[in-house]
Amino acid sequence: MTNKTKEKKPTRRDFLYITTAVFGATGAAAVAWPLIDQLNPDASVSALSSVETDISSIPEGGSLKIAWRGKPVFIRRRTKEEIEIAEKEDNENLPDPQNDADRVKNKEWLVVVGVCTHLGCIPIADKGDFGGWFCPCHGSHYDISGRIRKGPAPTNLEVPPYEFVNENIIKIG
Amino acid sequence: MNHDYEYTPGNAFTKWLDKRLPLIRFADENLLSFPTPRNLNYFWTFGFILTLCLVTQIITGIVLAMHYTPHVLMAFDSIEHIMRDVNYGWLIRYIHANGASMFFLAVFIHMFRGLYYGSYKEPREILWILGVVIFLLMIITAFMGYVLVWGQMSFWGATVITNLVGAIPLVGESILTLLLGGFSVDNPTLNRFFSLHYLLPFVIFGVVILHIWALHVTGNNNPTGISVKNTNDTISFHPYYTVKDLFAYVVFLLMFAYFIFYNPNILGHPDNYIEADAMVTPAHIVPEWYLLPFYAILRAVPDKLMGVLLMFGSIVVLFFLPWLDTMKVKSARYRPTYKIFYFTFLLTCFLLGYLGGQAPEGLYLFLSRVCTIYYFAFFLVVMPILSRYEKPSPMPIGISNSAINTDLGTDKNPALSINN
C-alpha cells in the first residue's frame, strides 16, 4: 500500500490541490496585509515628522524641551565645563560606549530625544549621579552627553536627525 | 458523568423542542442536575463569582461606551462628563472601575485555590490552560481599559507597557510602531485600545465557555483531590451549589459595594485625575494593584530584555504547571512539604505586590530579586523535586468515606490505589 502510493505519479487532482492551496494562501496574505498595515502610522502622523525651533534665547547651561513626533526633544546649551567633563568621560567604562564628539554636531549644543531608552519615560534634567538626566520610573542615570551610565536602560539617549538651519534656527527630523 | 438521572421532557411542547433543539436538556444536564462533588468548600464558589464579574463588566462597559469619546482631546473630559452629567454615570463608572479590581481579586483566589488543591493536574490540564488564557486576556483588557481614562497614569502606564515590546531584538521597534500607530502613545493608540477593549471581553466570554465545557467533561476537582467514584460522592448542582454560590456572591457583593459607595478611588491612583501630558512623566509610575507583582519582577532585573522576558515568563510558566508538578496526589491537604512551599509562595506574591509599588532601589530592590528567584524556583525547582521525593500523608478512601476511614495504615502509596 505504502509502496504503491510512493510510486504513484502526481495526478491532475494533486495539481489542483496544490494550486488551490497556493491561490488561497496568496489571497489570504493579500487580504491580511492591509488589515495589518493600517495599524502603522498614517499619513497625518508621518507628516508631523519635522519641526523647526528658535534656539537663540537659550542661555549657556540652559535647555529647551520641544515636542517632535509626540516625544520631547531636549536641546541643551552646554557650558565649557560640561563639555570638558563629557569628553573626559569618553574613557570611562560606558555601558553603551560612544564618544561625546560622535553625539553632537556642535559641541555647545546637545540634542537628544528626551525619552528614556528603558521603557519610555521622560528623564528629569540636572538629576542623577552623573550630572545629566535621571529617569524617575526605573532609575536610569544619564550623563551630560545623554549617555547611559547606571540603571536598566540599555542604550544612550537617542540623537534625532537634526540640522542647524542658521545661527538661530534648528530643524529636528 | 456517571449519573443515573436523565432529563425527560414533561409536556408536549418540551418533547417537540427536545427533538429539534435540546436546549432544556442541555441546561438541565449542565446547570441543574450536573453531578458535583459533595465536599466543595467556599473556595469553589469563585468560578460562579467570576462569571458574574465578567457579565457586570460587559454590561457596565457597554453603557459607558455610549457616553465615552475615544479621542485624545475629549477622552478625559468625557470621563468627567460621565461622572458629573450622565444620569447615574458615577455609579456605572465606579462599578466598572472597581469591578475590574474585584474581578482580579476573585481570579487570584480562584487560581490560588487551583494551585493548592492541584486542580491543574491530570485530567484537567486543558481546563487549567484555558484558565491561564483567560487570565492573560483579562490583563490585556484591563490594561487597555485603564488607558482609556487618559489620565497621567493611563498615558505613562501605556508608554511603559508598550515599550516592553521594544525590548525584542531587531523587530521590537517596528512592532512597537505598529502597535502604537505612531511614534508615541497618541490618538491612534487610544482609538485602537478602545476598539480592542470592547472586543476582548467577548473573546474572554468565548474562552470562558470553553473553560466551563472542559470543566463539565472532567467534572470538578474537590478539596480531597480524590476522583469522584460513584453517585454517593456527588450531589446535583441545583439547588445545593446554586444556593452556595449565590450566598458567596452576595457576601462578595457586600465588599464590592463598600468600594463603590464608600471608597471608590482607594484602588486607583490620584495622578490619573490629571489629564495625560506627553511632556511630563509623573515622579512615580505604578500600575493598578493587580499588576504590581508582575511589575516588581520586571524591575527586579537590571537588564531590559531579561526583565521583560521574566515578567512574561512569570505567566507563561503557569501553562506548564501540569507537567512541572507530576505528583499523583492532587490536594495539598495530603502533601505536608508542598504545603509549606505553597504558603511561602503565597507570601512571596503578596510581598512582590508590595514591592511593585515601592521605588526600585536599596532593600526593596534586593527583596524584589529574592522574591523573583523564589517565584520561579517554586515552579521550576520545588515542584519537580517534590513530585519525585515527597511522601504524601495518609488519605481517605473516597470523598464520601473521608469521615469514616481517614487512615489507610499499611497502604504504602495511597495515591496510586485511589486515583482511578
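The values are calculated or read from the model by the stated rules, or taken from the named source; none is laboratory data. Predicted model only: the values in this text are computed from it and were never measured. Every residue, glycine among them, receives a Cβ derived from its backbone with ideal geometry; neighbour counts consider all protein chains shown. These area figures cover heavy atoms from the full protein model, side chains too; ligands, DNA and RNA do not enter into them. Shrake-Rupley method; radii C 1.70, N 1.55, O 1.52, S 1.80 Å.
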Only helices counted: for chain A, with every DSSP H run of 4 or more residues adding -39500 (n - 2.57) and the sum spread over all residues, [θ] at 222 nm is -8000 deg cm²/dmol
I'd like the distance between the alpha-carbon centres of region B:257-276 and region B:119-144, rounded to an integer number of Å. 28 Å
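In the protein assembly as shown, carbon and sulfur make up what percent of the accessible area (probe 1.4 Å)? Please report the intermediate quantities before stating the final value.
Values: 19760 of 30230 Å².
Carbon and sulfur together cover 65 percent of it.
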Average Cα contact separation per residue, chain A, under 8 Å, 6 or more apart, as relative contact order %: 18 percent
Under the rule of at least 5 residues apart or a separate chain, name every residue whose amide H is placed under 5 Å from the amide H of A:Ser140. A:Cys135
Probe 1.4 Å, all protein chains present, accessible-area order of B:Met74, B:Met395, largest first: B:Met74, B:Met395
Enter the accessible area of A:Tyr17 (Å², nearest 10), with the probe set to 1.4 Å and all protein chains included. 150 Å²
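Below 8 Å, C-alpha to C-alpha, sequence gap of six or more: please give me the relative contact order for region B:287-393 in percent.
Numbers: 113 pairs, mean separation 45.6, N = 107.
Relative contact order for region B:287-393 comes out at 43 percent.
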Over what distance in Å are the Cα centres of region A:29-103 and region B:1-79 separated? 52 Å
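Calculate the all-directions average of the projected area of chain B's alpha-carbon convex hull, and give it in nm².
Values: hull surface 97.2 nm².
Average projection, Cα convex hull of chain B: 24.3 nm².
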Tell me, which residues of region A:116-151 get at least 20 Å² less accessible area when the other protein chains come in, versus the chain alone (1.4 Å probe)? A:His118, A:Leu119, A:Gly120, A:Cys121, A:Ile122, A:Pro136, A:Cys137, A:His138
Give me the net charge of A:Lys80's neighbourhood, meaning all other residues with Cβ under 10 Å from the Cβ of A:Lys80; Lys, Arg count +1, Asp, Glu -1. -3
To test your reading of the geometry: what angle, between 0 and 90 degrees and rounded to tens, separates the Cα axis of helix B:362-377 from the longest principal axis of chain B? 40 degrees
By accessible area (1.4 Å), largest first, B:Asp325, B:Asp77 order as B:Asp77, B:Asp325
In square angstrom and rounded to 100, what buried accessible area do you get between chains B and A, total over both, with the probe at 1.4 Å? 2200 Å²
Just subtract the alpha-carbon distance of B:Val133 and B:Thr14 from 0.36 nm times their residue separation and send over the number in nm, one decimal. 39.1 nm
Amide proton proximity set for B:Ile235, modelled H, under 5 Å, gap of 5+: B:Thr36, B:Arg38
Surface per residue (accessible, 1.4 Å probe) for the protein assembly as shown, Å²: 51 Å²
What does the structure give for B:182-192 when I average, per residue, the other chain Cβ atoms found within 10 Å of the residue Cβ? 5
For chain B, take the longest principal axis of its alpha carbons; what is the angle in degrees between that and the long axis of helix B:125-148, to the nearest 10 within 0 to 90? 20 degrees
Phi-derived 3J(HN,Hα) across region B:94-107 with the Karplus relation (6.51, -1.76, 1.60, θ = phi - 60°), rounded Hz, x for Gly and Pro, is 5, 4, 5, 5, 6, x, 4, 5, 5, 4, 6, 4, 5, 5
Per residue of A:35-43, how many C-beta atoms from partner chains lie within 10 Å of its own C-beta, taken as a mean? 4
For region B:181-195 versus region B:202-250, the gap between their alpha-carbon centres in whole angstrom: 40 Å
Using a Gaussian network model on chain B with a 10 Å cutoff between Cα atoms, which of B:Tyr295, B:Tyr374, B:Tyr88 fluctuates the most? B:Tyr88
Within chain B, helix-based [θ] at 222 nm, where runs of 4 or more DSSP H residues each add -39,500 (n - 2.57), nearest 500: -19500 deg cm²/dmol
Amide H to amide H, which residues 5 or more places from A:Tyr162 or on other chains are under 5 Å from it, using H placed in the peptide plane? A:Gly173
In Å, what Rg and Dmax follow from the Cα atoms of the protein assembly as shown? 29.5, 97
How much FRET efficiency would the formula 1/(1 + (r/R0)^6) give for A:Trp33 and B:Ile58, where r is the Cβ-Cβ distance and R0 is 41 Å, rounded to 0.05? 0.80
Angle in degrees between helix A:12-37 and the longest Cα principal axis of chain A, rounded to the nearest 10: 20 degrees
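Stokes-Einstein diffusion coefficient for region A:46-172 at 10 °C in a medium of 1.306 mPa s, Rh from the Kirkwood formula over Cα pairs: what value in µm²/s? If you can, show how the numbers build up before the last one.
Values: Rh = 14.6 Å.
D, rounded to a whole number, is 109 µm²/s.
Averaging the inverse of every distinct alpha carbon separation and then flipping it gives the Kirkwood radius. What is it for region B:59-216, in angstrom units? Don't jump to the answer; show the numbers that get you there.
Working: mean 1/r = 0.0577 Å⁻¹.
Result for region B:59-216, one decimal place: 17.3 Å.
Accessible area, 1.4 Å probe, largest first: how do B:Ser101, B:Ser387, A:Ser63 sort? Show your work: numbers first, answer last.
Values: B:Ser101 0, B:Ser387 25, A:Ser63 65 Å².
Result of the area sort, largest leading: A:Ser63, B:Ser387, B:Ser101.
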